[in-house]
Amino acid sequence: MKFIDEYRDVELGGKLVAKIERLSTRPVRLMEFCGGHTVATMRNGIRQLLPATVEMLSGPGCPVCVTANADIDKSIALACLPDVIVTTFGDMMKVPGSYSSLQRARAEMADIRIVYSTQDALQIARDNPAKSVIFIGIGFETTAPTIAAAVLQAEQQRIENFFVLCLLKLCPPIMKVLLDLGEIKLDGIVCPGHVSAIIGSRPYEFIPRDYGVACVISGFEPLDILLSVAMLVEQVEDGKPKVEIAYRRGVKADGNRQALGLMEKVFEVSSADWRGIGIVPASGLKLRKEYERFDADQAFAIEMKPVREAKGCICGDILRGVKTPADCKLFRRVCSPENPVGPCMVSSEGACAAYYQYGVDYG
Amino acid sequence: MDETILLAHGSGSRLSHELIEKNFLPPLANPLLAKLDDSAVFNFSGRLAFTTDSYVVNPIFFPGGDIGKLAVCGTINDLAMSGATPLYLSLSFIIEEGLTLGELNRIVASINAAAEESDVKIITGDTKVVNRGSADKLFINTSGIGIIPKGIDISGANARVGDRIILSGTIGDHGIAVMSQREGLKFSVSVQSDCAPLNKLVSQMLETSSRIHCLRDPTRGGLATTLNEFARQSEVGIVIEEEQIPVHDSVRAACELLGFDPLYVANEGKLVAVVACDDAEKVLAKMKQNHYGYNASIIGKVTDEHKGRVIMKTRMGASRIVDMLSGELLPRIC
């Protein structure tokens, strides 16, 4: 398949592995920030191909995984209101909140529909004018422009029954938090590809400058990841950390100005509640005052029971890279994709689900 | 406006009889069915295989087939995978009021086409009509009876170390074709469902080799789940090579887009065979001559290592575990 097979070429892969082996003289610890990178790494067995000097950790870059329990509870509470249709990306369905999940709420007759894009949610709003249609807006900078576009469309087309529960989060601020926490000593970060297609490479520049950590923006194919690891190892070996783009076919230094313009128009930076980390100032997005009437948080009054965290679940530690799924007592014994305790086991891009599915803990 | 099915069509009244006589009997005609007694009565001898399955696919029409074709092929394939020659099917319809007669006729016609192609007769049936909302347009149950020729012993527990794994063609076609039609996920894709009766392919394979140990059609849960079932039932390890598994480009593209792994996507016209090493090439060559097996490929082998597990050698030269499907396939979000 064109534009895919080129990036899975075995011969080139072998050359990149050989290059990494040649370059790498001392241990390096790298974090793949993005859940998509974790899955691609596991699915292709990339960790096995790398020399023992290169350690790879999974990061918090899975929007489902970092959604806090309180926000899951809120989504469920909204879905249980009369005359409401909740629309959501599929991965959110099974995430357990404090008391229930969207999946269970659906079985108990709440009207919850899986959509693939905000356009589908808008269409459901058009088709059901007597209902309030709420889109559960999770995601990073990748998803934010599509939600912004939907809000603008709803305004232009006077779709008055469309609402967004805005749970959007920003990547560079949370990277800063991880580095400030200092729980793990990182040499380099495999930076997210799709997020960077929107924001460009400049927002990461503080990382090499202030923390001395190497950054390479990577695509999601095996060769993309191997190339990024090679570039990171080279930077570390040279002792000259900087921000580089390995994913040149997708990312420009300035990002996507049109998408950034849409985000800027509709959203403003706000605090956000991150699972495992807590409320982080200036790490999320909320609707600007002009678009407040689309904000589900403001439009609907819901009663919330106190938030409960699952006992023994270490998703928070895993998201910060402090622990791996194999360190979790619940992993595989109690927690599985069929009976997930925490969100990292639910999302297809969660570290626990990837470890479970691709059997990394079996070596 | 199209005539529609009413609750009265299922009430046992004159309307019920008319429906059966006009819409079911003529296309499916055969002497056993035409008697319209409470049971079909026939003679039988030998080892029997008996299976049943219910079909609730949504939407009921999809690229490459419909729920009727699926209901016939699915049950025929279940019989064939036991090494049986399928002979007779039952056909039970649960119809939601409001289905159009036009839709019903199309489905009965495709049931007939699939049954004729596979030399199987529908010899008994039933029709019920339920209130709107009590079913989703149409559910079909089929049961099937087949006869197992002497000397055939096929089971998921029969895989032996050294056996080769043969896959009859591209994977994921059915799942992606159906998924492409769902609300909220509509996308245009050139792939058609592979829904097909495989009994003739199987009988050709069994004529070629007496050392076919396991056969299974990788339906829900896909190829990965079938291989895991073999590994667990036979208490052996299985190693497959990613490179050897045929996948249509359009299925790969849709999987890339939706975040699926084709190994877990459903098939309705494919089979996996575990065959003694010495006979594998011979069986493969025979399969390639059949319309439903021309893309067949030897994808791996049975080992005595990592018992109960399936390992895949990736294109990049690493290996990873291929587990069973966990939960429901959902589209990814970023």
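The values are calculated or read from the model by the stated rules, or taken from the named source; none is laboratory data. What you see is a predicted model; the values in this text were computed from it and never measured. A quick note on method: Cβ atoms are made from the backbone with ideal geometry, for glycine too, and the neighbour counts reach across all protein chains shown. When the accessible area is computed, the model is the full protein with side chains, heavy atoms only, and any ligands, DNA or RNA have been set aside. Shrake-Rupley method; radii C 1.70, N 1.55, O 1.52, S 1.80 Å.
Details
- When A:Glu21, A:Glu11, A:Glu6 are screened for being in a helix (DSSP H, G or I) and within 11 Å of chain B (Cβ to nearest Cβ), only A:Glu11 passes.
- Unmet criterion (only one of (1) closer than 30 Å to A:Glu205 by Cβ; (2) within 14 Å of another protein chain (Cβ to nearest Cβ)) for A:Asp180: (2)
- When each of B:Ile154, B:Ile123 is tested for being crowded, with 19+ Cβ neighbours inside 10 Å, touching a residue at least 40 places away in the same chain (Cβ under 8 Å) and in a strand (DSSP E or B), the lone residue that passes is B:Ile123.
- Every condition in (1) open to solvent by 20 Å² or more (accessible area, probe 1.4 Å); (2) closer than 23 Å to B:Ala49 by Cβ holds for B:Ile111 except the one numbered (1).
- Any hit, segment B:92-106, residues being of a type in the set (A, V, I, L, M, F, W, C) and farther than 22 Å from B:Gly12 by Cβ: no
- Condition met for B:Ala273 (under 24 Å from the mean Cα position of the chain (by Cα) and aliphatic (A, V, I, L, M)): yes
- Against the list (1) more than 9 Å from every other protein chain (Cβ to nearest Cβ); (2) of a type outside the set (D, E, K, R); (3) in contact with a helix residue (DSSP H, G or I) (Cβ under 7 Å, 6 or more places away or on another chain), the condition B:Ala276 fails is (3).
- Taking the criterion of being closer than 22 Å to B:Thr219 by Cα and in a strand (DSSP E or B), the residues of segment B:89-117 that qualify are B:Leu89, B:Ser90, B:Leu91, B:Ser92, B:Phe93.
- Hits in segment A:41-54 - residues which are closer than 23 Å to B:Ala253 by Cβ and more than 8 Å from chain B (Cβ to nearest Cβ): A:Thr41
- Sole exception among (1) assigned by TED's automatic domain parsing to the domain that holds A:Val95; (2) more than 17 Å from A:Cys171 (Cβ to Cβ); (3) not small (Gly, Ala, Ser) for A:Asp317, by number: (1)
- Every listed requirement among (1) out of contact with any Phe, Trp or Tyr (no Cβ under 8 Å at 6 or more places or on another chain); (2) open to solvent by 10 Å² or more (accessible area, probe 1.4 Å) is met by A:Asp73 save one, (1).
- Residue match in segment A:260-281 (condition: part of a loop (DSSP other than H, G, I, E, B), touching an Asp or Glu at 6+ places or on another chain (Cβ under 6 Å) and open to solvent by less than 70 Å² (accessible area, probe 1.4 Å)): no
- Looking across segment B:256-267, just one residue is over 16 Å from B:Gln181 (Cβ atoms) and among the hydrophobic types (A, V, I, L, M, F, W, C), and that is B:Leu263.
- Count - residues of segment A:43-58 that are open to solvent by 10 Å² or more (accessible area, probe 1.4 Å) and either under 24 Å from A:Ser101 (Cα atoms) or among the hydrophobic types (A, V, I, L, M, F, W, C) (or both): 6
- Residues located in segment B:195-250, provided they are part of a loop (DSSP other than H, G, I, E, B) and farther than 30 Å from A:Val10 by Cα: B:Cys195, B:Ala196, B:Pro197, B:Leu198, B:Ser209, B:Ser210, B:Arg211, B:Asp217, B:Thr219, B:Arg220, B:Glu235
- Restricting the search to strands (runs of 3 or more DSSP E) fully inside segment A:155-254 and requiring at least 1 residues that are open to solvent by 20 Å² or more (accessible area, probe 1.4 Å) and either touching a residue at least 40 places away in the same chain (Cβ under 8 Å) or under 20 Å from A:Pro145 (Cα atoms) (or both) gives A:162-168, A:243-245.
- For A:Leu78, the conditions (1) touching a residue at least 40 places away in the same chain (Cβ under 8 Å); (2) more than 22 Å from A:Ser348 (Cα to Cα); (3) surrounded by fewer than 19 Cβ atoms within 10 Å (Cβ to Cβ) are fulfilled apart from (3).
- Matching residues in segment B:1-43 - criterion: being farther than 23 Å from B:Gly102 by Cα and open to solvent by 80 Å² or more (accessible area, probe 1.4 Å): B:Pro31, B:Lys35, B:Leu36, B:Asp37, B:Asp38, B:Val41, B:Asn43
- Among the residues of segment A:24-40, those identified as among the polar types (S, T, N, Q) and either facing chain B (nearest Cβ under 10 Å) or in contact with a helix residue (DSSP H, G or I) (Cβ under 6 Å, 6 or more places away or on another chain) (or both) are A:Ser24, A:Thr38.
- Filter result for A:Tyr99 (within 12 Å of chain B (Cβ to nearest Cβ), part of a loop (DSSP other than H, G, I, E, B), open to solvent by 10 Å² or more (accessible area, probe 1.4 Å) and among the aromatic types (Phe, Trp, Tyr)): no
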